[in-house]
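For reference, the structure is listed below as structure tokens.
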Amino acid sequence: MKRVCEVAIVGSGFAGSLLARVLAVLGYDVMLLERGAHPRFAIGESTTPLANLSLERLAVRYGLADCYSLATHGRWIAQVPEVRRGLKRGFTFYRHHPGERFAEHGLDSERLLVAASPEDALSDTHWLRADVDHHFVRRAVEAGVTYLDLTELTSASFDESGVRLDGRRDGDAVEVEAGFVIDASGAGGFLPRQLAIPSGLDRTHTRSALVYSHFDDVRLMRDVAPSLPQGPYPDDWAAVHHLIDEGWMYSLRFDHGTTSAGFLLTPRAVARLGASSREPEWLWHLLLDRYPTIGQLFGDARPTMPIGFVPKVQHRLTRAAGARWALLPHAYAFVDPLFSTGIAWGLRAVERLALAFEDAAKGERRPDIATLERYDAALSAEGDQIDLVVAGAYEAREHFDLFAAQAMLYFATVSFSEVSQRLGGGDAVAWNGFLGVGDPVLDPVPRQSFERLRRVTRATGGQSDERERAEFVEWIGRTIAPRNVAGLADPSRRNLYPIDTEVLIERHALLDMSREQVLEKLPALRGLGPPPHIRRASTWLHTATT
Ligand SMILES: Cc1cc2nc3c(=O)[nH]c(=O)nc-3n(C[C@H](O)[C@H](O)[C@H](O)COP(=O)(O)OP(=O)(O)OC[C@H]3O[C@@H](n4cnc5c(N)ncnc54)[C@H](O)[C@@H]3O)c2cc1C
């Protein structure tokens, strides 16, 4: 089988399929090559406001009505109810201690809730990836993408005229000639192996192993710890994070009752537990037994597939793009799911490459070298930044006051980006640095914070005194102040943060806007615009490409 196309995309996760579809909408001849077949299980499920903002921008710019629907829980269940998802109102964190039930200690609470949306209808979602990725593939095919599943690629060769990919499908040889190739194969790493791109893992700090599955019959925290004071949203309808001595656990509940859950374990814990030589089931139950409240939550839970173990979830490369090729973020780097950065980062890259191909549509029909270098530099800086924020949080984990302060750095950064992008708008913001990269205030902070945390905890297993910790908390509050439009790092909130538009209005000057300007633009915080906007964009695009 021999095929010729302008762009070949390897890997049909949501990111590869969505980019393939956008390029088809722009008039490119696109092939999407997948090793497996849909529907299939995939991990990485919890979205964030920045992810949904990217989805809305893609929807509006390229006329993708379903993407607009998928960007909030309310629109999703109204428009695409057959695609399964979960309600995510925010980020919930609890610190557990071995042998102790989770307790609420008043003002010293080891519970942190940060709302990401003011109400259910506007909220983020957890994606049941089997359904969502299948949906995106089908929509790509409808848009004109040629899709080949069950295709095992064996080689890629580049020359002046283009790229040649060889592989096999159902015993037959497959040969694809393309002008440009995009690797969306995630940790599969097809192109990195072909191009022998060196690993960049040694420049990163975060290391964790994973024990995970999907489960039915997981109990609610509300039922297991009914005396918790009311938070800004129901604790369980969120990305729930249980911090433990060995690392942390995520728990993401889908609307149909299944829960995706996994423990991320530090190398020290892996060694201490002998995790690599044990059955994942054994490890799972050991951790449930060690933490009574988590044990109660998952005591009657039944895995819907075998519990899996991944000894190291991190990967990182030293190049993300070159002449005639580019990697999507998950093919380039992965840090850790703490703070759910993966989907948002992936969608941002889809936007950037889509804009690059838009610019190229009337010329070379592939992004120019300067744009690819810009893309490479952006991913490199952002990969480092995600690593520093997450590594800092791991470092801080021993003490909830330190952890909550480090979390404030993440939340201040993303809430400032979200609000300024929603109020300030424009599609070029897709090139704005992710997680504060390039921001004159925030850019250096994750590195400084990580170094400070290491000094505070002395990097030797949590020795630190209260005064040093209080200084760190105070430093974070002071440092994020010029970007703190969400009223974060406020002790009077007792670690329970709702969406507070009053604070946003009060702090208008941080956005370089007058109070009246912020008031006028407030509706934009609820979404970029209703479907007619999409229809207009669609018409514009059709005219522009024909
Ligand atoms: C434990 C864990 C939890 C996570 N949780 C979150 C979270 O809560 N929120 C979040 O935002 N992110 C999370 N992530 C990150 C998230 O998983 C990724 O950002 C996301 O999956 C990237 O999607 P993608 O479409 O780029 O790639 P993938 O989902 O990795 O899809 C890659 C596709 O390529 C195919 N493929 C692989 N190799 C080949 C090949 N050689 N040829 C052809 N096809 C190939 C695969 O079959 C697959 O279909 C998590 C990651 C992990 C490890």
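Bear in mind that the values in this text are calculations on the coordinates, not laboratory data. Predicted model, so just to flag it, every value in this text is computed and none were measured. Positions of Cβ are generated from backbone atoms using ideal geometry, with glycine treated the same way; all protein chains shown enter the neighbour counts.
Below are the figures for this structure:
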item	result
Odd one out for Ser420 among (1) in contact (Cβ under 8 Å) with a residue 40 or more places away in the chain; (2) crowded, with 21+ Cβ neighbours inside 10 Å	(2)
Cβ-Cβ under 6 Å pairs, at least 6 apart or on other chains, region 27-46 side within 20 Å of Cys5 (Cβ to Cβ), far side within 6 Å of the ligand (Cβ to nearest atom) and part of a strand (DSSP E or B)	Leu33/Val10
Region 180-195 residues that are without any contact (Cβ under 8 Å) to a residue 40 or more places away in the chain, paired with ones that are among the aliphatic types (A, V, I, L, M) (beta carbon under 7 Å, 6 or more apart)	Gln194/Ala156
Total residues in region 487-524, condition touching a strand residue (DSSP E or B) at 6+ places or on another chain (Cβ under 7 Å) and among the aliphatic types (A, V, I, L, M)	3
Failed condition for Thr125, given (1) more than 14 Å from the ligand (Cβ to nearest atom); (2) more than 20 Å from Val174 (Cα to Cα)	(1)
Hey, Ala173 within 16 Å of Tyr332 (Cβ to Cβ) and loosely packed, with under 15 Cβ neighbours inside 10 Å or not	no
Candidates Val181, Val163, Val176, filtered to the one that is of a type outside the set (Gly, Ala, Ser), more than 9 Å from the ligand (Cβ to nearest atom), assigned to a strand (DSSP E or B) and touching a Cys at 6+ places or on another chain (Cβ under 7 Å)	Val176
Residue in region 331-344 that is more than 11 Å from the ligand (Cβ to nearest atom) and in contact with an Asp or Glu (Cβ under 9 Å, 6 or more places away or on another chain) present	no
Matching residues, region 87-116, being outside any loop (DSSP other than H, G, I, E, B) and closer than 23 Å to Glu418 by Cα	Leu87, Lys88, Gly90, Phe91, Thr92, Phe93, Leu112, Leu113, Val114, Ala115
Any hit, region 308-317, residues being surrounded by fewer than 24 Cβ atoms within 10 Å (Cβ to Cβ), away from the ligand (no atom under 13 Å from the Cβ) and among the β-branched types (Val, Ile, Thr)	no
Criterion (touching a Lys or Arg at 6+ places or on another chain (Cβ under 8 Å), surrounded by fewer than 24 Cβ atoms within 10 Å (Cβ to Cβ) and basic (Lys, Arg)) met by exactly one of Arg302, Arg324, Arg290	Arg324
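Listed here are the residues, each with its yes/no results for (1) in a helix (DSSP H, G or I); (2) within 28 Å of the chain's Cα centre (by Cα); (3) within 23 Å of Leu112 (Cβ to Cβ).
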| position | (1), (2), (3) |
| --- | --- |
| Phe450 | yes, yes, yes |
| Val456 | yes, no, yes |
| Glu468 | yes, no, yes |
| Glu471 | yes, no, yes |
| Arg478 | yes, yes, yes |
| Leu488 | no, yes, yes |
| Ile499 | no, yes, yes |
| Met513 | no, no, no |
| Glu516 | yes, no, no |
